[in-house]
């Protein structure tokens with residue numbers, strides 16, 4: 001099994017991009033990653049695409065071949081594969097690209113991920129997002145994704161005395177980080193009061209506790225670590241990956257305040273990399289809701305169970321602390337183009353490890369982590385990245 | 001890179017299975033493959049699922065986690081991944097499972113594929129299938145999947161003097177084979193006259209030139225070849241795989257009568273396995289339409305370009321000939337649960353190589369091939385399988 005490195009990263013602006021199609025976004029991110037890697041398209045051996053619901057959002061399946069085609073690569077007849085796992089599509093695409101390079105099947109691959117959420121309107125987009133939950137046992141009875149995460153929040157408040165202010169402080173922190181990211185959808189700070197007073201979506205969660213439904217794309221170029229310096233002065237190694245599943249329906253889980261898929265995926269990744277959570281300086285975790293980040297930093301063992309709220313409120317996960325969580329702004333402020341999330345997170349971590357984080361650079365970051373969820377936690381993927389010295 | 005073997009196969013009945021859900025089908029095929037491998041679910045390390053459009057067909061994304069969950073595996077928190085590439089989903093899932101085992105990431109994986117086509121009605125199902133073509137440049141102008149394949153048929157008749165009877169003879173042969181397959185949707189022979197006189201769908205193609213829209217599922221269990229005999233007396237090796245893409249829109253292709261993706265995928269697979277087409281005794285090729293099989297056996301170099309029609313009419317691809325094509329009945333008679341196709345094809349090839357083909361057994365089959373298409377040929381995947389002596 002060969003070691004694998006990231007030699008190029010690219011992403012689009014995130015937001016309501018009504019003047020750009022799915023194709024435009026996929027091509028833009030992919031070509032930026034290829035340019036960043038200092039390669040040309042002739043160097044490519046395969047394309048992996050993470051995407052959740054193009055079939056419903058833009059009426060188009062088979063998007064992996066489509067992106068290669070509209071990138072002008074059809075003459076190369078590259079192998080192209082789309083992977084899906086709810087919101088974890090992008091993170092799963094990284095895993096397939098990693099396996100292809102690690103196994104020796106391919107040398108240089110592009111892992112792209114894109115989602116075009118805003119063409120169908122918010123009601124329809126939320127309905128489509130709900131198809132990542134259990135349709136037969138949740139959605140048909142009226143459960144929505146915000147409603148399910150609201151139940152987790154209520155239970156977390158009950159079990160660990162987590163306060164509404166602590167939960168809201170996730171949004172305040174991530175907007176503060178997003179204000180430093182020129183590609184973020186919301187580059188604007190918000191106050192704790194604004195989060196608390198926002199209209200309720202599913203109590204206790206309000207509008208500013210939710211990530212937006214966004215358009216956007218991101219891409220990585222991967223190659224064997226031993227070749228990485230030919231292309232890139234600052235390659236970043238994929239140290240290890242962990243993936244885990246759980247019941248799709250929330251009511252079948254052991255508890256509401258822990259996502260076992262995250263716990264297991266994290267353990268698998270740390271074990272494979274022979275690292276510990278305390279060695280991570282920068283992490284992008286799946287904050288589709290504010291409560292998700294609190295549960296994630298606990299389940300990943302960055303803080304003790306039940307301490308996610310106080311730790312966030314105290315600034316222990318903000319830029320400048322021992323660990324910086326969601327320096328990109330996270331899903332909350334960078335934006336949530338669902339299927340693209342995992343790759344967008346990886347782009348941020350690679351930039352941080354290269355020292356290209358700009359105003360939001362984490363000092364001397366050596367090890368970074370991405371954590372991506374599908375549905376309400378039926379899929380979790382954790383990747384660990386390391387600076388190559 | 002480790003060699004990989006198939007140690008278990010399973011499939012459901014194929015057809016209009018109104019009393020079975022997507023979940024039922026996926027579980028049934030998967031558990032049969034696990035039983036066939038002589039393992040228990042505790043031996044599993046990961047699940048890969050091929051599926052085209054569950055999002056639109058049953059309103060459910062995230063089906064890889066769903067199938068693991070409803071198979072009772074949620075406590076194991078297995079990594080689960082869905083892959084999609086139009087009709088080639090199943091074949092792509094095999095590739096991801098292969099890469100996971102070959103790379104050393106996992107030891108024993110299940111590759112399942114399922115599609116539930118019939119719950120939405122035929123008009124809706126055809127519309128969903130058309131989303132594997134180029135929606136912005138084909139479908140919106142009225143092109144349908146049957147219409148696009150009909151253009152290929154017309155051009156093939158013009159360029160190579162292929163006759164309507166020769167094209168129809170694909171259906172006659174595959175129904176004859178399907179009549180010997182107890183899991184086939186149509187276990188009934190049809191006459192050449194019946195094919196020719198059937199109502200036209202898109203001229204020159206009629207109702208019996210098209211594969212049905214079916215429900216069904218199939219599954220494989222893969223493990224490293226070196227461990228295969230611990231579980232299975234007759235393991236079958238995956239010798240090599242080839243995958244290629246092309247333009248999504250048919251009108252952008254070099255020609256209408258050759259699918260370059262098939263040509264390239266075939267060459268890649270044969271080159272990697274160091275085999276030639278003449279060494280293959282049994283092949284399952286993607287006969288979603290009769291003309292598709294004619295083009296496929298030419299592009300895979302089983303016959304010369306332009307000779308697909310006469311060769312089929314002469315019985316050169318029927319059971320008992322030098323090469324037997326679509327012994328399962330193919331998509332035409334076994335049925336076409338779109339995303340499940342690639343795995344169903346592999347199940348048939350493994351059975352043939354094990355000598356478990358029953359009434360349709362190919363004598364002394366040593367090397368078998370599967371060929372699977374996405375869309376009108378924007379994706380092609382070729383797998384080569386070999387008996388382990």
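Read the figures in this text as sums done on the coordinates, not as results from a lab. Source: prediction; values computed, not measured. So basically every Cβ, Gly included, is an ideal-geometry build from the backbone, and we count neighbours across all protein chains shown.
The Rg/Rh ratio for the protein assembly as shown, using Cα coordinates for both the radius of gyration and the Kirkwood hydrodynamic radius, is 0.98. Within the listed set B:91, B:311, B:171, the residue fluctuating most in the Gaussian network model of chain B (springs between alpha-carbon atoms under 10 angstrom) is B:311.
Distances between copies at residue A:45, taken between label points 7 Å from Cα along the C-beta direction, are 2.0 nm in increasing order. Mean per-residue shielding of peptide A:93-103 is 5, counting Cβ atoms of other chains within 10 Å of each Cβ. Geometric descriptor of the range B:58-146, per residue, is 118 Å³ (volume of the convex hull of the Cα atoms). Only Cα pairs under 8 Å and at least 6 apart count here; give the relative contact order of the range A:21-160 as a rounded whole percent. This gives 29 percent for the range A:21-160. Between the Cα long axis of helix A:290-299 and the first principal axis of chain A there is an angle of about 70°, rounded to the nearest 10. Ranked from shortest, the separations from the 7 Å Cα-to-Cβ label point of residue A:366 to its equivalents in the other copies are 5.6 nm. Which percent, nearest 5, of DSSP beta bridges in chain A are antiparallel? Bridges in chain A that DSSP calls antiparallel: roughly 70 percent. Seen from all sides and averaged, what is the projected area of the convex hull of the Cα atoms in the range A:250-389, in nm²? Value for the range A:250-389: 8.0 nm². A straight chain from residue A:230 to residue A:364 at 0.36 nm per residue would run longer than the Cα-Cα distance by 45.8 nm.
Taking Cα pairs under 8 Å and at least six residues apart, what relative contact order does the range A:232-295 come out at, in percent?
Relative contact order comes out at 33 percent.
Under a GNM of chain A (C-alpha, springs under 10 Å), which listed residue has the highest mean-square fluctuation: A:78, A:319, A:353? Maximum among the listed residues: A:78. Taking the longest Cα principal axis of chain B as reference, the axis of helix B:260-273 is set at about 40 degrees.
Sorting A:31-42, A:213-224 by their mean Cβ neighbour count within 10 Å, with the most densely packed peptide first, gives A:213-224, A:31-42. Among the residues of A:44-51, the average count of other protein chain beta-carbon atoms within 10 Å of the residue beta-carbon is 1. Shielding of peptide B:376-383 by partners, expressed as the average count of other chain Cβ atoms within 10 Å per residue Cβ, is 3. Distance from the Cα centre of the range B:275-353 to that of the range A:288-336, in angstrom? Comparing the Cα centres of the range B:275-353 and the range A:288-336, I get a distance of 54 Å. Computed over the alpha carbons of chain B, Rg followed by Dmax gives 19.0, 60 Å.
Peptide packing: for A:103-109, A:138-144, B:13-19, the average count of neighbouring Cβ atoms within 10 Å per residue gives the ranking A:103-109, B:13-19, A:138-144, highest mean first.
Here the contact order of chain B, divided by its residue count and restricted to Cα pairs under 8 Å and six or more residues apart, works out to 26 percent. Here the ratio of the Cα radius of gyration of the range A:1-75 to 2.2 N^0.38 Å is 1.18. Using only Cα atoms, find the angle between the long axis of helix A:145-160 and the longest principal axis of chain A, and express it within 0 to 90 degrees, rounded to the nearest 10. Approximately 60 degrees, to the nearest 10. Connecting C-alpha atoms closer than 10 Å in a GNM of chain B, tell me which of B:341, B:376, B:130 has the biggest fluctuation. Of the options given, B:130 has the highest mean-square fluctuation. Expressed to the nearest 5 percent, the antiparallel share of DSSP beta bridges inside the protein assembly as shown is 70 percent. Calculated translational diffusion coefficient of the range B:290-340 (37 °C, 0.692 mPa s; Stokes-Einstein with Kirkwood radius over alpha-carbon pairs) equals 287 µm²/s. Cβ-Cβ distance of residue A:40 and residue B:43, R₀ of 35 Å, FRET efficiency by 1/(1 + (r/R0)^6): the value works out to about 0.20. What whole number of Å gives the distance from the Cα centroid of the range A:197-271 to the Cα centroid of the range B:83-142? Value for the Cα centre distance between the two parts: 24 Å. If you sort the three axes of the alpha carbon gyration tensor as a ≥ b ≥ c, you get a/c of 1.5 or more for the range B:184-275 and a/b no higher than b/c, which makes it oblate.
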